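Written below as C-alpha cells is the structure these notes are about.
The values are calculated or read from the model by the stated rules, or taken from the named source; none is laboratory data. Owing to the predicted nature of the structure, the values given are computational and were not obtained by experimental measurement. Note that we place each Cβ from the backbone using ideal geometry, even for glycine, and neighbour counts take in every protein chain shown. Note: accessible area is taken over every heavy atom of the protein model, side chains too, but ligands, DNA and RNA are not part of it. Shrake-Rupley method; radii C 1.70, N 1.55, O 1.52, S 1.80 Å.
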Amino acid sequence: MADEALFEFLHMEIVSHIYKEQQSGKAEMDNKDRAVCVSVLEGMGFRVGQGLIERLTRDSPSFKDELDIMKFICKDFWTKVFRRQVDNLRTNHQGTYVLQDNKFAMLTQLSSGKQYLDQAPKYLAFSCGVVRGALSNLGMESVVTAEVSVMPSCKFQVVIQKL
Amino acid sequence: MSRQSNRTTDSKKMNSELFTLTYGALVTQLCKDYENDEEVNKQLDKMGYNIGVRLIEDFLARSSIGRCQDFRETADVIAKVAFKMYLGITPSVTNWSPAGDEFSLILESNPLVDFVELPDNHSTLIYSNLLCGVLRGALEMVQMAVDVKFVQDTLRGDNVTEIRMKFIKRIEENVPAGDE
C-alpha cells in the first residue's frame with residue numbers, strides 16, 4: 001500500500017527543485033529557462049511512463065490498432081496512474097488525439113477555476129512525459145502537450161509521429 | 001501472488017510503482033546535475049525536508065494521532081503508523097541507546113529500491129536519503145530536532161536497511177502551533 005499523497009508531495013517538490021535550480025542566481029526566469037525545466041520534467045516522466053506501461057501490460061494480449069491503444073491509455077493506464085479515467089477522447093482519425101480529464105490529479109490541489117492557471121504547465125510536464133513514455137514502449141512515437149483553461153480540467157493532445 | 005489480484009490491490013501496487021519509478025527518475029536526474037554523490041545526498045536530504053514539513057500535516061490529518069508523550073512513543077508511531085501509511089512497510093524499532101534518545105529503524109524491505117541497482121561509480125550515494133530529510137522535516141514541525149541517517153543499506157550490500165534516529169533537543173515553540 002502506498003499513499004497517493006506521498007507521490008503528490010514528491011512530484012510537487014521535484015517541480016519546485018527543478019525550477020529553483022534553473023533560476024539559481026538570476027532574478028528572473030526567461031523562456032529559455034522555463035523550456036529547460038519543462039524538458040527536464042518531461043524527460044523524467046518519459047522514463048517513468050516506459051516503466052509503468054511495461055509493468056501494466058506484462059500479461060495483456062497485444063493491441064489491435066492505434067485506437068485500441070489510446071482507449072487503453074484512457075481507461076486502464078489513466079486509472080492506474082491518475083486514479084480516474086479520461087472523461088473524453090476525441091480523434092481526427094489521422095493520428096491526433098485529445099484526451100480530456102476534468103479533474104486532473106496533478107491539478108486538483110492547486111485550484112478550481114482560474115487561480116494559478118499560469119503555474120499549471122509546470123505541473124503537467126511530468127505527466128505529459130509519462131504518457132509519451134507509455135506510448136513509446138507500446139511502439140508509438142508521439143508528441144504530447146497539455147493545456148488548461150479552467151482548473152483542474154486538462155486537455156492532453158497526443159500527436160502520433162508517423163515514421 | 002495469485003493471478004486474480006483484485007483491482008484495489010493492483011491500483012495500490014501501481015501507485016507504489018509510480019512513486020518508486022518517479023523517485024528513481026529523480027535520483028538519476030540529480031546524479032546528472034551534480035558532480036558527486038555527496039552533493040546528491042545533500043539535495044535528497046533537502047528535498048526530503050521540504051516534503052517532510054508538509055507531509056506531517058497530511059499525516060496528522062489522516063491518523064488523528066495525539067501528541068506523543070516521549071521519544072519511545074514517537075518511534076512507535078513513526079514505524080507502525082507513518083511508514084505503514086505511506087510506504088506500506090512496518091520497520092522494527094530496535095537498538096535503543098541507554099539514555100533513550102537514539103534508536104534504529106530496521107527495514108526488511110525498502111519500496112524505494114525496488115528494481116534499483118547502484119552502479120559502481122556511485123558507491124557513496126545514499127539512494128534513499130530523501131527519507132532522512134522527510135523524517136527530520138516532519139519531526140521539526142512537531143517541535144523535535146532530530147538527526148537521521150542511514151547506517152546500513154541493502155543497496156550497498158548490507159543485509160538490512162537501518163536508519164538511526166537521534167533526538168537532539170526540543171524546539172521551543174515561538175508561535176502556538178499544532179493542536180488548537
- At most 10 other Cβ atoms within 10 Å and a DSSP loop assignment: could you name the GluC sites (Glu not before Pro) in segment B:104-154 that fit? B:E117
- Query: Each residue of segment B:131-147 in order: what ³J(HN,Hα) in whole Hz does its phi give by Karplus 6.51 cos²θ - 1.76 cosθ + 1.60, θ = phi - 60°, with x for Gly and Pro?
  - Reply: 4, 4, x, 4, 5, 5, x, 4, 5, 4, 6, 10, 6, 10, 8, 10, 10
- Item | Reach of B:K166 by Cα under 17 Å, taken over aspartates and glutamates that are not fewer than 8 positions away in the same chain | B:D45, B:D70, B:E73, B:D76, B:D101, B:E102, B:E140, B:D147
- Message: Restricting things to Cα coordinates, could you compute the convex hull volume per residue of segment A:14-163 in Å³?
- Response: 115 Å³
- Go ahead and estimate [θ] at 222 nm for chain A from helices alone: -39,500 (n - 2.57) per DSSP H run with n ≥ 4, summed, over the residue count, rounded to 500. -14000 deg cm²/dmol
- To the nearest 0.05, how large is the calculated FRET efficiency for A:Q22 and B:N36 if R₀ is 30 Å and r is the Cβ-Cβ distance? 0.90
- Cross-link list A:K71/A:K122; A:K103/A:K162; A:K20/A:K162; A:K75/A:K162: which exceed 29 angstrom alpha carbon to alpha carbon? A:K103/A:K162; A:K20/A:K162
- Message: For a quick check, take a GNM of chain A with Cα springs below 10 Å and name the residue from A:R132, A:R90, A:R58 with the largest mean-square fluctuation.
- Response: A:R58
- Listed residues B:V40, B:V148, B:V116; largest mean-square fluctuation, Gaussian network over chain B with Cα springs below 10 Å, found at B:V116
- Length-normalised contact order for segment A:112-162 - Cα pairs under 8 Å, 6+ apart - percent: 38 percent
- Task: With everything on Cα atoms, drop me the angle between helix A:125-137 and the longest principal axis of chain A, reported from 0 to 90° to the nearest 10.
- Result: 30 degrees
- Note on the structure: Helix A:4-23: inclination vs chain A longest Cα principal axis, degrees, rounded to 10, gives 50 degrees
- Message: Using C-alpha positions alone, give me the convex hull volume of the protein assembly as shown per residue in cubic angstrom.
- Response: 174 Å³
- Note on the structure: Expressed as a whole-number percentage, the relative contact order of segment A:45-163 with C-alpha contacts under 8 angstrom and at least six residues apart is 33 percent
- Note on the structure: Averaged over all viewing directions, the convex hull of the alpha carbons in chain B casts a projected area in nm² of 12.2 nm²
- B:E108 versus A:D65: modelled label distance in nm, points set 7 Å from Cα along the beta carbon direction: 5.1 nm
- Message: For segment A:4-160, what does the accessible surface come to per residue with a 1.4 Å probe? Please give it in Å².
- Response: 47 Å²
- Mean per-residue count of partner chain Cβ within 10 Å for A:10-17 equals 6
- Message: At 0.36 nm per residue, and after removing the present C-alpha to C-alpha distance, how many nm does the segment from B:S97 to B:Q69 gain when stretched out fully?
- Response: 8.3 nm
- What does the average come to when, for each residue of peptide B:26-36, you count the partner chain Cβ atoms lying within 10 Å of its Cβ? 3
- Item | Which of B:L155, A:Q157, B:F59, positive extreme of dipole for the protein assembly as shown (C-beta unit charges) | A:Q157
- Message: Ignoring ligands, DNA and RNA, please state the percent of accessible area on the protein assembly as shown from carbon and sulfur, probe 1.4 Å.
- Response: 48 percent
- Query: Between A and B, buried accessible area summed over both sides at probe 1.4 Å, in Å² to the nearest 100?
  - Reply: 3100 Å²
- Task: Compute the relative contact order of chain B as a whole-number percentage, counting only Cα pairs closer than 8 Å that sit 6 or more residues apart in sequence.
- Result: 25 percent
- Query: Under a plain spin-label model, where a point goes 7 Å from the Cα along Cα-to-Cβ, how far apart in nm are B:D147 and A:T96?
  - Reply: 6.1 nm
